[in-house]
Amino acid sequence: MKTRIISIIRKEFIHIIRDPRSLLIVILMPVLMIVLYGYAFNTDIKDIETGVIDYNQSALSRKLLDTFFSSEYFTPAANCQSMEQIEDLIKSRRIRVALIIPKAFDKSVRKNFATPVQVIIDGSDSQAATIIQNYVSTILSGFISEISQVQIQLPIDVRYQFWYNPELKTAHFFVPGLIAMILVMISALLTCITIAREKEMGTLEQILVSPIHPYEIVIGKVVPYIVLAFIDGLLILVVGYAWFNVPFEGSLVQLMLLSLVYIYTALSFGLVISTVVPSLRVAMLMTLAITLMPTVLLSGFIFPIESMPPVLRWITFLVPACYFLKIIRGILLKGIGIEALWQQMLILFCMGTFFMIASAKRFKSRLE
């Protein structure tokens, strides 16, 4: 039995080595994907074109503007004279936000009066408008704290602390999700393509009629691609850490161990697809559709699971990336270990084993 499994494993490695172009794509594609998607999913906005009307023209109003434009978020685009000019500039997308400083701005601040500063934001992109509003609020709060000479005592003193991502960088949230998405897609594609290619070349029938058990075929097909997918996982993890400065608070050994379980699940899932589809092209399309869309939409990668309708929340339990996201974000950002993640690991292992058994039964039915 061991000899037959090793022979199949050796055969798969020979296939991989003899196809250097595919191997190059498999190694380079995950790195390119995490770099491209890492920037594409970044919701941080910089160099926001800003228009200004300064009715005050005082040292204090200039200090406020300097505070705004010394940050990396806002850049001066127009010195306006009227609200009509601001309206025209926002309509033409030449500016995205306008700052209007009133005439008595410096006097009101010195007397500790309520000082209105009008901020007009282009709301045609609601998500960007919300982000810009948060930037403006943060900068204004810092400016008021800096110039305030009188400590005002409020009934409630609220002080915010953000743990595990104090700078609220979106890369720290999205890059672990990208790793989960790329790993499941690449891993499922690897096994799916290899079986479908065997079908098209006619070599699968030779394997099926040989004195080999179905589970031996399955194990022999999966093991080489576990190694290859594991290398992919290490590469994209290094890129995420070095390129996007994603913190690594937990144990590398534990992350690699749990990633192997996730890879095992994805490879087994690809193996099931490959036993059903008739051709290589259909296998690739089906694998991309079944792995990519649920991972992006239903795993918590972008949209919180808690905000989904109850029906969709039940469906998320069937998405492997839903469990791996908790693992990778927990280890990378929070530094937690297997003792807190064993349930997710167990669920992934059970899912992978179920897919493995299903693919072995499918092979058995073809043998019969």
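The values are calculated or read from the model by the stated rules, or taken from the named source; none is laboratory data. Please read all numbers here as calculations on a predicted model, not as lab measurements. Using ideal geometry, Cβ is built from the backbone for each residue, glycine included, and neighbour counts are taken over all protein chains shown.
Would you mind listing the helices (runs of 4 or more DSSP H) fully within the stretch 273-368 where at least 2 residues are small (Gly, Ala, Ser) and in the same structural domain as MET256 (by TED's automatic domain parsing)? Full working, then the answer.
Values: elements: 280-298, 310-316, 320-329, 338-367.
Filter on the stretch 273-368 gives 280-298, 338-367.
Could you go through the stretch 12-33 and let me know if any residue there is at positive phi and modelled with pLDDT of 75 or more. If you could, list the steps in order and put the result at the bottom.
Going residue by residue through the stretch 12-33, those that are at positive phi are none.
No.
Within the stretch 214-247, restricting attention to residues that are in a helix (DSSP H, G or I) and in contact with a Pro (Cβ under 9 Å, 6 or more places away or on another chain), the residue that is farthest from VAL175 (Cα to Cα) is ASP232. Would you mind finding the one in THR291, THR316 that is free of Cβ contacts under 8 Å to residues at least 24 places away in the same chain and surrounded by 16 or more Cβ atoms within 10 Å (Cβ to Cβ)? None of the other options fit; the residue is THR316.
Set side by side, the residues VAL272, VAL311, VAL253, VAL261 differ, and just one is under 21 Å from VAL223 (Cβ atoms) and free of Cβ contacts under 8 Å to residues at least 24 places away in the same chain, which is VAL253.
Within the group VAL119, VAL136, VAL184, which residue is closer than 26 Å to ILE263 by Cα, under 37 Å from the mean Cα position of the chain (by Cα) and at pLDDT 80 or above?
Working: VAL119 fails: closer than 26 Å to ILE263 by Cα; VAL136 fails: closer than 26 Å to ILE263 by Cα.
Being closer than 26 Å to ILE263 by Cα, under 37 Å from the mean Cα position of the chain (by Cα) and at pLDDT 80 or above holds for just one of VAL119, VAL136, VAL184, which is VAL184.
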